[in-house]
Amino acid sequence: MNLPAFPITDDHIHIDPVNGRGIEAAKEFQRVGGTHIFLVSKPSWSLSVHPSAGEDYAKVFDETLRVAEMVSAIGLGVHTILGVHPAEISRLTERMSLDRAVEVMKGGLDCAARYVGEGRAVALKSGRPHYDVDPEILAASNEVLTHALDLAAECRCALQIHAETGPCADVVEMAQRSKVPIERIVKHYGSPDTPLHPSLIAKHEAIPQLAREKRPFTMESDYMDENSRPGAVVGPKSVPRYTNQLLKNGLITEDDCHRIHAETIEKVYGVLITVG
């Protein structure tokens, strides 16, 4: 098999052999030129885990690591990102108090941080609901996000945040208080107007312009790998397919590809991305 000319990295993808296509989705990514993925832990409920304490999230994280081993076995580079999805707060408060939900979510992040400290994950995941919530839920969610920022500072790792559409500019001040470099706060499903690091959906129209400006950004599919939602958000082939399409059309260069899919990834996550 010919080696790829450059790496192609999906910055945020889920692979789920229980509820989705599993390794077949990873192979599809690989067949069209994908070389590396950042495998993100799924929400607890999607794996039939219903936490009542922070340590219960270990079941989710261990499943993520199990899938990572399967992905690595087919020859893809894989790094794991572990954390607590911000929508957990809505699920948890259906069966416990808000204060207890915050405690459970913080405990789950503590658990994820231990995996990072042990070298089993490279980054954390947190955020706040991307949908309208009552002010007290938003305040509690920001408390959880602040805890995640504090942990990222302690672990010296990146933090992916899932949050509302838009710049999330207030997170800059939160990150500064926690002493986390802004360039290591990744706005998952991001947009060019964010002061955080934007991880853009593969087909985002701003990619050629940002590449010309040499602005740091990464690309993701946010593929959910759930049979009930096939192709959501975009399919596993999307990052390599759009990258190669842009390259073929002269809208980006091979240097841009190296910068987007390797150099920027290395600066944000502190991992080496190579092919061969």
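The values are calculated or read from the model by the stated rules, or taken from the named source; none is laboratory data. Predicted model only: the values in this text are computed from it and were never measured. Note: ideal-geometry Cβ built from the backbone for every residue, glycine included; neighbour counts use all protein chains shown.
Of Glu28, Glu69, Glu55, Glu24, all but one fail to be surrounded by fewer than 19 Cβ atoms within 10 Å (Cβ to Cβ) and touching a Cys at 6+ places or on another chain (Cβ under 8 Å); the exception is Glu55.
Of all residues in segment 113-136, those being surrounded by fewer than 18 Cβ atoms within 10 Å (Cβ to Cβ) and either in a helix (DSSP H, G or I) or touching a Gly at 6+ places or on another chain (Cβ under 9 Å) (or both) number 4.
Pairs meeting the criteria (first residue in segment 76-88 and closer than 18 Å to Lys187 by Cα, second residue crowded, with 22+ Cβ neighbours inside 10 Å and among the charged types (D, E, K, R), beta carbons under 6 Å, at least 6 apart or on different chains) are Ile81/Lys125; Gly83/Lys125; Pro86/Arg128. Quick check, is Asp99 part of a helix (DSSP H, G or I), modelled with pLDDT of 95 or more and under 19 Å from Arg128 (Cβ atoms)? For Asp99, the condition - part of a helix (DSSP H, G or I), modelled with pLDDT of 95 or more and under 19 Å from Arg128 (Cβ atoms) - is met. Could you tell me whether Asp170 is over 14 Å from the mean Cα position of the chain (by Cα), modelled with pLDDT of 95 or more, within 24 Å of Ala87 (Cβ to Cβ) and not hydrophobic (A, V, I, L, M, F, W, C)? Yes. Would you mind stating whether Leu65 is among the aliphatic types (A, V, I, L, M), closer than 28 Å to Asp193 by Cα and outside any loop (DSSP other than H, G, I, E, B)? In short, no. Applying the condition of being touching a Ser or Thr at 6+ places or on another chain (Cβ under 6 Å) and in contact (Cβ under 8 Å) with a residue 40 or more places away in the chain to segment 162-188 and asking which residue is nearest to Ala121 (Cα to Cα) yields Val186. All of Ser46, Ser72, Ser52, Ser90 fail the test of being part of a loop (DSSP other than H, G, I, E, B) and of a type in the set (Ser, Thr, Tyr), apart from Ser52. Condition check: within 20 Å of Leu76 (Cα to Cα) and more than 16 Å from the chain's Cα centre (by Cα). Does Ile273 satisfy that? It is true that Ile273 is within 20 Å of Leu76 (Cα to Cα) and more than 16 Å from the chain's Cα centre (by Cα).
Out of curiosity, is Ser199 touching a helix residue (DSSP H, G or I) at 6+ places or on another chain (Cβ under 8 Å), of a type outside the set (Phe, Trp, Tyr), crowded, with 17+ Cβ neighbours inside 10 Å and closer than 26 Å to Asn142 by Cβ? No. Pairs meeting the criteria (first residue in segment 229-249 and touching a residue at least 24 places away in the same chain (Cβ under 8 Å), second residue polar (S, T, N, Q) and surrounded by 16 or more Cβ atoms within 10 Å (Cβ to Cβ), beta carbons under 8 Å, at least 6 apart or on different chains) are Val233/Ser221; Val234/Ser221; Gly235/Ser221; Pro236/Ser221; Ser238/Ser221; Val239/Thr9; Val239/Ser221. Of all residues in segment 1-30, those satisfying the criterion of being of a type outside the set (A, V, I, L, M, F, W, C) and either part of a loop (DSSP other than H, G, I, E, B) or without any contact (Cβ under 8 Å) to a residue 12 or more places away in the chain (or both) are Asn2, Pro4, Pro7, His14, Asp16, Pro17, Asn19, Gly20, Arg21, Gly22, Glu24. Here segment 162-195 is the region considered, the condition is being in contact with a helix residue (DSSP H, G or I) (Cβ under 7 Å, 6 or more places away or on another chain) and not in a helix (DSSP H, G or I), and the residue that is surrounded by the most Cβ atoms within 10 Å (Cβ to Cβ) is Val186.
The requirement of being more than 16 Å from Glu69 (Cβ to Cβ) and either in contact with a Ser or Thr (Cβ under 7 Å, 6 or more places away or on another chain) or of a type in the set (Phe, Trp, Tyr) (or both) is not satisfied by His36.
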